[in-house]
1. Please report, to one decimal in angstroms, the Kirkwood hydrodynamic radius of the range 50-89 built from all distinct Cα-Cα pairs.
2. Could you order the peptides 60-72, 13-25 from most to least packed, using the average number of other C-beta atoms within 10 Å per residue?
3. Calculate what fraction, in whole %, of the accessible area of the range 31-96 sits on carbon and sulfur atoms when a 1.4 Å probe is rolled over the protein chains.
4. If each residue of separation counts as 0.36 nm, what is the full-extension length gain between ILE12 and GLU62 once their alpha-carbon separation is subtracted?
5. Excluding ligands and nucleic acids, what accessible area in Å² is computed for VAL73 using a 1.4 Å probe, to the nearest 10?
6. Name the shape class, rounded, prolate or oblate, that the alpha-carbon gyration tensor gives for the range 1-80, where a ≥ b ≥ c are the square roots of its eigenvalues, rounded holds for a/c under 1.5, and otherwise prolate holds if a/b is larger than b/c and oblate otherwise.
7. Given a 1.4 Å probe, how much area per residue of the range 9-53 is accessible, in Å²?
8. Given an 8 Å cut-off on Cα distances and at least 6 residues of separation, report the relative contact order of the range 25-64 as a percent.
Amino acid sequence: MRKTYGFDIAAIRRARRLDFYKTVVLVNIIRHATAKHACFACDKAFDDGAQLVAHLKQAGAEHLQPPADDSSVWESPEFLKPAIDADPLLLGLDDTADDEDSAAAAAAATDEAESRRILEEHKRAVREKLRLLALDSHRPDATENPDDGAVTANAAS
């Protein structure tokens, strides 16, 4: 696609920081649209493959951009299933961190996960303290035992 249409999936993957999962989705979006003689970028449908090819060549690389990062298409289960069995492009994708950006993203995700874990621990501790305070608020500070006249103090004070 790079030579014919100016569409370089490896360059787009780096520029858009697409992880393995999103790259698979992008390939499948393109494959599914092409099978229907439609442009994956603008959803314009054509009568046959020749019209689609002419459109793609005329539109150029600027037109052939993946969906926006916040597009719901990235979460669509439809594009998890390959359009071509044993798709050589999908089989050739590298799912390991292949550059510093991927390593940095993984480190950031780890930091975020650790921060979330710590936050959850703090939330549990605060909830427990609030629960104990609620229990304490229902206890009288000092009560007299009517049987022996002894005064007992609230143990949590």
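1. By the Kirkwood definition, the hydrodynamic radius is 12.7 Å.
2. Highest mean packing first, the order is 13-25, 60-72.
3. Working: 2280 of 4280 Å².
Its accessible area is 53 percent carbon and sulfur atoms.
4. Details: separation 50, 0.36 × 50 = 18.00 nm, distance 1.13 nm.
Stretched fully, the ILE12-GLU62 segment lengthens by 16.9 nm.
5. My reading of the accessible area for VAL73 is about 30 Å².
6. oblate
7. Using a 1.4 Å probe on heavy atoms only, each residue of the range 9-53 averages 53 Å².
8. 29 percent
The values are calculated or read from the model by the stated rules, or taken from the named source; none is laboratory data. Nothing here was measured: the structure is a model prediction, and the numbers come from that model. Cβ coordinates were reconstructed from backbone atoms using ideal geometry, including for glycine residues, and neighbour counts include every protein chain displayed. Each accessible area value is taken on the protein alone, full model and side chains, heavy atoms only, with ligands, DNA and RNA left out. Shrake-Rupley method; radii C 1.70, N 1.55, O 1.52, S 1.80 Å.
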